[in-house]
1. Please work out which residue is farthest from A52 (Cα to Cα), limiting yourself to segment 67-78 and to residues that are surrounded by 16 or more Cβ atoms within 10 Å (Cβ to Cβ) and touching a helix residue (DSSP H, G or I) at 6+ places or on another chain (Cβ under 9 Å).
2. Scan segment 89-104 and tell me whether some residue there is in a loop (DSSP other than H, G, I, E, B), closer than 20 Å to A52 by Cβ, over 21 Å from the mean Cα position of the chain (by Cα) and at pLDDT 95 or above.
3. Output yes when any residue across segment 30-42 is modelled with pLDDT of 95 or more and touching a Gly at 6+ places or on another chain (Cβ under 9 Å), and no when none is.
4. If the Cβ limit is 9 Å and pairs must be 6+ apart or interchain, which residue in segment 93-121 that is over 18 Å from S38 (Cβ atoms) and in contact (Cβ under 8 Å) with a residue 12 or more places away in the chain pairs with which residue that is among the small types (G, A, S) and surrounded by 14 or more Cβ atoms within 10 Å (Cβ to Cβ)?
5. Return yes when A108 is of a type in the set (A, V, I, L, M), exposed (fewer than 11 other Cβ atoms within 10 Å of the Cβ) and under 15 Å from K44 (Cβ atoms) and no when it is not.
6. Of the conditions (1) in a strand (DSSP E or B); (2) more than 11 Å from Y42 (Cα to Cα), L65 fails just one. Which one is it?
7. Which ones in segment 74-104 are within 20 Å of L120 (Cα to Cα) and of a type in the set (A, V, I, L, M, F, W, C)?
8. Residue check: is K44 touching a strand residue (DSSP E or B) at 6+ places or on another chain (Cβ under 7 Å), of a type outside the set (S, T, N, Q) and more than 29 Å from E123 (Cβ to Cβ)?
Amino acid sequence: MRKEPRMGKAKAFIGLGIALAAVVALVAVAGWAFYGESGHVYAKVDNARVAAIEPRAGMNHEYRLEGVAADGAQSEIAFQTSRELREGAYLDLETKPLRGVIGWEEVAYDDLPAAVQDKLPQEG
């Protein structure tokens, strides 16, 4: 009389393998979101597009501006600040995947990439 192999253990190992693969995938996505390569989007401050918000982590203003990537691609970008920014200032916004804007600094118009200068012309 032959004994049939136990399928229960095989199914358990397959299930464990799938669960482990899912955990590894989630960790990889989380690592990419937090430590992935930074991007840069440029914007011109328009204080007509800022709103006061309920303070969170010291941030009490939210801007929604037209952002321009170094290649000239445009999209709306939102970020929060602790104060109103200088009207008409040009910003270099550092972004991370999934997290959005993680930092910003004011830059001179001449420091903007050429494709960005075409989309955010200097006034005056």
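1. A69
2. The answer is yes, given that some residue of segment 89-104 is in a loop (DSSP other than H, G, I, E, B), closer than 20 Å to A52 by Cβ, over 21 Å from the mean Cα position of the chain (by Cα) and at pLDDT 95 or above.
3. yes
4. Taking only residues 6 or more apart or on different chains, the pairs are A115/A69; A115/A70; L120/A43.
5. Spelling it out, A108 is indeed of a type in the set (A, V, I, L, M), exposed (fewer than 11 other Cβ atoms within 10 Å of the Cβ) and under 15 Å from K44 (Cβ atoms).
6. Against the list (1) in a strand (DSSP E or B); (2) more than 11 Å from Y42 (Cα to Cα), L65 comes up short only on (2).
7. Correct list: I77, A78, F79, L85, A89, L91, L93, V101, W104.
8. Here the answer is no, as K44 does not meet what is asked.
The values are calculated or read from the model by the stated rules, or taken from the named source; none is laboratory data. On a predicted model such as this, the values are computed, not experimentally measured, just so you know. Neighbour counts are summed over all protein chains in view; Cβ atoms, including those assigned to glycine, are modelled from backbone coordinates with ideal geometry.
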